[in-house]
Amino acid sequence: MADHFRRDARCRGCFSEERHRALRVFFNSWRTDERPIRLLHFAPEPGVRSWLANLPGVDYVAADIAQPDVNVRLDMTGMGVRDEAFDVVVASHVLEHVADDHLAMRELWRVLRPDGTALVMVPRDVSRSVTFEDPTISTPEARQAAYWQADHVRLYGCDFEQRLRSAGFDVTLVRPSLTMAPGDARRLGLTADAAIYRQYKSAPPDEIFVAHRSE
């Protein structure tokens with residue numbers, strides 16, 4: 001099931017979900033200075049958007065293929081922007097909606113600068129060794145049953161890391177809840193399942209951080 005159905009996954013005060021809080025914890029621990037960066041945020045969630053847009057030194061660009069209140073309309077599989085245009089790309093629970101996620105991953109690699117970073121989050125079923133996708137599953141009801149949500153086109157499995165590697169990245173794993181005191185993790189409603197894949201693009205390393213929710 002999606003993470004927002006898990007007990008304590010959604011904050012009753014600000015309505016943030018576990019992945020939003022995990023992103024913030026990790027981003028704050030990773031970005032230790034205020035050097036200027038250009039940041040592209042796909043399908044921006046209101047709370048995350050407000051926080052990112054107001055960070056010191058951030059030139060923030062909100063993007064979506066259909067959402068009206070964004071700075072620019074972009075298709076993740078063909079962004080139409082120059083190579084190495086962004087220092088940071090954020091895409092939380094977007095790839096599972098994209099028909100050709102391999103192409104989208106290559107586009108993320110292309111638009112990042114040589115020292116760039118991407119934060120990408122997806123739902124993942126760790127009981128599956130291979131990502132499940134079937135183009136004949138096309139109705140909302142069938143997709144809800146197969147992929148946990150009516151507008152998803154696949155359910156990622158344990159090969160998600162390999163799919164990212166196929167776009168040219170080396171991958172390591174980080175779990176934000178394990179970087180803090182247990183009491184702080186409980187207070188934020190974070191579990192070890194909120195995992196982040198840290199990907200290196202080259203040396204000196206470009207970094208893509210990919211977070212997922214495992215069920």
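The numbered conditions (1) farther than 28 Å from residue 162 by Cβ; (2) under 15 Å from the mean Cα position of the chain (by Cα); (3) of a type outside the set (S, T, N, Q) are all true for residue 102 except (1). The one condition from (1) surrounded by 15 or more Cβ atoms within 10 Å (Cβ to Cβ); (2) of a type in the set (D, E, K, R); (3) closer than 24 Å to residue 149 by Cβ; (4) at pLDDT below 90 that residue 107 does not meet is (4). Every residue in the stretch 43-79 that is in a loop (DSSP other than H, G, I, E, B) and closer than 22 Å to residue 29 by Cα, please. Selection gives 44, 45, 54, 55, 56, 57.
Would you check if residue 162 is under 24 Å from residue 64 (Cα atoms) and part of a helix (DSSP H, G or I)? Here the answer is no, as residue 162 does not meet what is asked. For the stretch 148-158, check the following and say yes or no: at least one residue is surrounded by 13 or more Cβ atoms within 10 Å (Cβ to Cβ) and at pLDDT below 90. No - not one qualifying residue is present in the stretch 148-158.
The values are calculated or read from the model by the stated rules, or taken from the named source; none is laboratory data. Keep in mind it's a predicted model, so treat the numbers as computed, not measured. FYI the Cβ positions are ideal-geometry reconstructions off the backbone, even for glycines, and counts take in every protein chain you see.
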